[in-house]
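*Asks:* First the structure, which I've put down as structure tokens, then a few questions once you've had a look.
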Amino acid sequence: MGTMLEVRNLWAGYTDFVVRDLSFAVAGGELVGILGRNGSGKSTLLRGLTCGLRRRRGQVLVRGEDCAALSPRQRARRMALLPQHTPSSPGLRVEEVLELGRYPWEGPLRPPGSQTRELVRRAAEQFGIEGLLYRDCAALSQGQRQLVQLARVAVQGAPVLLLDEPNSALDFPNTHQFFRTLTGLLAGGERCALVVLHDPALALRWCGRLLLLEEGRLVGELRPGETGLHAVQSALGRLYPGLQVRQDRESGRLFCAME
Amino acid sequence: MKKRGRDWAAAAACLLLAGGLGTVSLFVGSFPLSLSQIGSILTGGMEGTLEAQVFWQLRFPRMCMGLLAGWALGLAGGVYQTVFRNPLASPDLTGVASGASLGAACAIVLGAGTRLEIMGGSFLMGMAALALVLLLVGAARLERTGSYILAGVIVSSLAEAGLMTLKVMADPERELAAIEVWTMGSLSAMTADKLPLPAAAVVLCTVALLLLRRPILMLSLGDEQARSLGLDPVFWRGVLLTLTTLMVAAVVSVLGAVAFVGLIAPHIARLLLGRRGGPYLPLCGLVGGAVLLCADLPARVYTLPLSIFTVLLAVPVLAALLWRRKEGAYGDDA
């Protein structure tokens, strides 16, 4: 699979730089987790990738195209960001929120057509929210709203998905269902995903690769399937002091525990 | 079918209400016109009589302007409340009403003011107020919804200060009274020749705003989401603000400043419709038109300013809003 997203020497921040000199590449079909303590620059990294910040240096390439040169709509056709906070003002139906996901393709004037409605219906089914389509989005629970936002990102149809703590409000079965759906979306190799996570166990279970962030710099990279237990232990132990990584003897899967 | 039923019911109710009030207001006025007289005037009879002249030069334009002004204020209020994600946003927010009042007062005090001069002055100052708001927000380099509201408060206060100065300077007999009447809004000076210009502005801006429904809805999701969907929030907020201000300034320059219509019309429309999608924006306009016509009925019988009655109409709506707020009807951040 070819390189889908390439980041070269990215610096990003608000008044000061928070993300410092990051470089990495993500291939099509890859699910990459970003781990780091609070304030280590994970969300800033995602915002910096979408050029949503004033202070920004470096290059972000999607399929070899420099994103800084693109218009916001062109960029949104290539990268879909799910922000950590997604305020919704009362009065908008779930269906309407999902239809807005096609804005980068349809523009400000064209009303949503039958193709959009079909995409909306399919995404709603994928994320199990087809029963909520005519409900007021602001009246839903946090978790339901998060599923709506994830479906919106799927409707947007961009090859690069940037998800900031997509599971923060999801319950246990929904979290795993979400990762299963995401893995399904990535299976064709036409998309890749960069996911900020707070739970190292979840990251080890679902991500093909983990980027470890500390004070805005990349301090390590893990491949849960390939990196040995001891290397995983020492890398994660440095990020989260006191963390114990254990391996299940039968399945070979990695678990985490706190001392 | 169920999901569309309420849309149709709400639209029909608003159309009936606005249409009914419009019809009733054709019969009300200081000059007595009977039902049969109006019937024959409408079918082309009684040409050249005083009755026909009163009807076509005063009665009919007054009804049209009331509907038009209410539509413009209501629609602008609906756009503002959606775009700024704030249930208290209204056309007065950007300082356009205070700016326009200042412009009218300037024309009255400085040039003694023909009606055209007053109209032009208030329109120019209304637009200048918007330009100042956009400039302040730009200079602060902080494009958030709150910045616009704060900048609007600053500009409004400035305009109010200017207005107070002019009131002190004004000749208390003629000019001060004219300024006072203007700042309370009235349709009593409405004649047919004043209709075309604001009508053209309102129709043009309405078409543009209804076509731009998607950007309006997207801004209600907040800047970060709008941006991630490929919409430049700063650019589009500027476009929408300019369109609405143009429309509001055009009607305010004829009517004077009418309070609260732009604030309560969207709330009534939302209450009827239950959502902000679909026909919400045209409904805001229709409700605004109905509210203004409703306020104009007692205003023409007692020859009083409009704002007295729009405020009276607004009080129960705002009280209901206060009541609903405790149920979190406007979200956690509203």
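*Asks:* Those residues that are facing another protein chain (nearest Cβ under 7 Å) and outside any loop (DSSP other than H, G, I, E, B), I need them from the stretch A:98-120; list them, please.
*Replies:* The answer is A:Leu100, A:Tyr103, A:Pro104.
*Asks:* Could you check A:Met79 against (1) in contact with a helix residue (DSSP H, G or I) (Cβ under 6 Å, 6 or more places away or on another chain); (2) within 9 Å of chain B (Cβ to nearest Cβ); (3) crowded, with 23+ Cβ neighbours inside 10 Å and say which number it fails?
*Replies:* (1)
*Asks:* Additional query: Restrict the check to the stretch B:33-53 and report whether at least one residue is over 20 Å from the mean Cα position of the chain (by Cα), touching a residue at least 24 places away in the same chain (Cβ under 8 Å) and loosely packed, with under 14 Cβ neighbours inside 10 Å. Before the answer, list the steps.
*Replies:* So in the stretch B:33-53, the residues over 20 Å from the mean Cα position of the chain (by Cα) come out as B:33-53.
Then drop every residue that is not touching a residue at least 24 places away in the same chain (Cβ under 8 Å), which leaves B:33.
Then keep just the ones that are loosely packed, with under 14 Cβ neighbours inside 10 Å; that gives none.
For the stretch B:33-53, residues over 20 Å from the mean Cα position of the chain (by Cα), touching a residue at least 24 places away in the same chain (Cβ under 8 Å) and loosely packed, with under 14 Cβ neighbours inside 10 Å: absent.
*Asks:* Moving on. Out of B:Leu176, B:Leu212, which single residue is in contact with a Phe, Trp or Tyr (Cβ under 9 Å, 6 or more places away or on another chain) and at pLDDT 85 or above?
*Replies:* Working: B:Leu176 fails: in contact with a Phe, Trp or Tyr (Cβ under 9 Å, 6 or more places away or on another chain).
None of the others qualify; the one that does is B:Leu212.
*Asks:* Among the numbered criteria (1) more than 7 Å from every other protein chain (Cβ to nearest Cβ); (2) modelled with pLDDT under 90; (3) surrounded by 18 or more Cβ atoms within 10 Å (Cβ to Cβ), which single criterion is violated by A:Ala123?
*Replies:* Among (1) more than 7 Å from every other protein chain (Cβ to nearest Cβ); (2) modelled with pLDDT under 90; (3) surrounded by 18 or more Cβ atoms within 10 Å (Cβ to Cβ), A:Ala123 violates only (2).
*Asks:* Ok, one more. Return the pairs, sorted by first residue and then second, in which the second residue is aliphatic (A, V, I, L, M) and outside any helix (DSSP H, G or I), the first residue lies in the stretch B:196-220 and is at positive phi and in contact (Cβ under 8 Å) with a residue 24 or more places away in the chain, the beta carbons are less than 8 Å apart, and the residues are 6+ apart or on different chains.
*Replies:* none
*Asks:* Does B:Val181 qualify as being buried (at least 21 other Cβ atoms within 10 Å of the Cβ), in contact (Cβ under 8 Å) with a residue 60 or more places away in the chain and within 30 Å of B:Ile108 (Cβ to Cβ)?
*Replies:* no
*Asks:* Does B:Arg214 satisfy being over 13 Å from A:Gly107 (Cα atoms), among the basic types (Lys, Arg) and surrounded by 19 or more Cβ atoms within 10 Å (Cβ to Cβ)?
*Replies:* No: the conditions fail for B:Arg214.
*Asks:* Can you find a residue in the stretch B:304-318 that is at pLDDT below 85 and either away from chain A (no Cβ under 11 Å) or not in a helix (DSSP H, G or I) (or both)?
*Replies:* No, there is no match, as no residue in the stretch B:304-318 is at pLDDT below 85 and either away from chain A (no Cβ under 11 Å) or not in a helix (DSSP H, G or I) (or both).
*Asks:* Separate question: In contact with an Asp or Glu (Cβ under 8 Å, 6 or more places away or on another chain), within 14 Å of another protein chain (Cβ to nearest Cβ), surrounded by fewer than 21 Cβ atoms within 10 Å (Cβ to Cβ) and in a helix (DSSP H, G or I): is that true of B:Val207 in this structure?
*Replies:* For B:Val207, the condition - in contact with an Asp or Glu (Cβ under 8 Å, 6 or more places away or on another chain), within 14 Å of another protein chain (Cβ to nearest Cβ), surrounded by fewer than 21 Cβ atoms within 10 Å (Cβ to Cβ) and in a helix (DSSP H, G or I) - is not met.
*Asks:* Do the conditions hold for A:Gly107, that is, is it on the phi < 0 side of the Ramachandran plot, surrounded by fewer than 17 Cβ atoms within 10 Å (Cβ to Cβ) and not polar (S, T, N, Q)? Walk me through it before giving the result.
*Replies:* Values: on the phi < 0 side of the Ramachandran plot: no; surrounded by fewer than 17 Cβ atoms within 10 Å (Cβ to Cβ): yes; not polar (S, T, N, Q): yes.
Spelling it out, it is not the case that A:Gly107 is on the phi < 0 side of the Ramachandran plot, surrounded by fewer than 17 Cβ atoms within 10 Å (Cβ to Cβ) and not polar (S, T, N, Q).
*Asks:* Please find, within the stretch B:242-266, the residue that is surrounded by the fewest Cβ atoms within 10 Å (Cβ to Cβ) out of those that are under 11 Å from B:Gly77 (Cα atoms) and over 10 Å from the mean Cα position of the chain (by Cα).
*Replies:* The selected residue is B:Ile264.
*Asks:* Output the number of the condition that B:Gly230 fails; it satisfies all remaining conditions of (1) touching a residue at least 12 places away in the same chain (Cβ under 8 Å); (2) of a type outside the set (Ser, Thr, Tyr); (3) surrounded by 24 or more Cβ atoms within 10 Å (Cβ to Cβ); (4) not in a helix (DSSP H, G or I).
*Replies:* Evaluating B:Gly230 over (1) touching a residue at least 12 places away in the same chain (Cβ under 8 Å); (2) of a type outside the set (Ser, Thr, Tyr); (3) surrounded by 24 or more Cβ atoms within 10 Å (Cβ to Cβ); (4) not in a helix (DSSP H, G or I) leaves (1) as the failure.
*Asks:* For the stretch B:246-290, which positions are modelled with pLDDT under 90, within 14 Å of chain A (Cβ to nearest Cβ) and part of a loop (DSSP other than H, G, I, E, B)?
*Replies:* Scanning the stretch B:246-290 gives B:Gly274, B:Arg275, B:Arg276, B:Gly277, B:Gly278.
*Asks:* Still on this structure, please answer the following. Considering the stretch B:158-170 alone, what residues qualify as being free of Cβ contacts under 8 Å to residues at least 12 places away in the same chain and not aliphatic (A, V, I, L, M)?
*Replies:* B:Thr165
*Asks:* Mind checking which residues of the stretch A:211-236 are among the charged types (D, E, K, R) and not in a strand (DSSP E or B)? Lay out the reasoning, then the answer.
*Replies:* Step one: of the stretch A:211-236, the residues among the charged types (D, E, K, R) are A:214-215, A:217, A:221, A:223, A:226.
Hits for the stretch A:211-236 are A:Glu215, A:Arg223, A:Glu226.
*Asks:* Something else now. What is the one condition in (1) crowded, with 18+ Cβ neighbours inside 10 Å; (2) of a type outside the set (Val, Ile, Thr); (3) under 30 Å from A:Asn9 (Cα atoms) that A:Pro90 does not satisfy?
*Replies:* Only one criterion is unmet by A:Pro90, namely (3).
*Asks:* Inside the stretch A:44-76, can you point out the residues that are at the interface with another protein chain (Cβ under 10 Å from one of its Cβ atoms) and either crowded, with 19+ Cβ neighbours inside 10 Å or of a type in the set (D, E, K, R) (or both)?
*Replies:* The answer is A:Leu46, A:Arg47, A:Thr50, A:Gly52, A:Arg54, A:Pro72, A:Arg73, A:Arg75, A:Ala76.
*Asks:* Could you go through the stretch A:163-178 and let me know if any residue there is within 11 Å of another protein chain (Cβ to nearest Cβ) and among the small types (Gly, Ala, Ser).
*Replies:* Checked the stretch A:163-178: no residue is within 11 Å of another protein chain (Cβ to nearest Cβ) and among the small types (Gly, Ala, Ser).
*Asks:* Among the residues of the stretch A:180-210, write down those that are part of a strand (DSSP E or B) and charged (D, E, K, R).
*Replies:* A:Arg209, the sole residue that qualifies.
The values are calculated or read from the model by the stated rules, or taken from the named source; none is laboratory data. Keep in mind that what you see is a predicted model, and the values were worked out from it rather than measured. We place every Cβ from the backbone using ideal geometry, glycine too, and count neighbours over all the protein chains shown.
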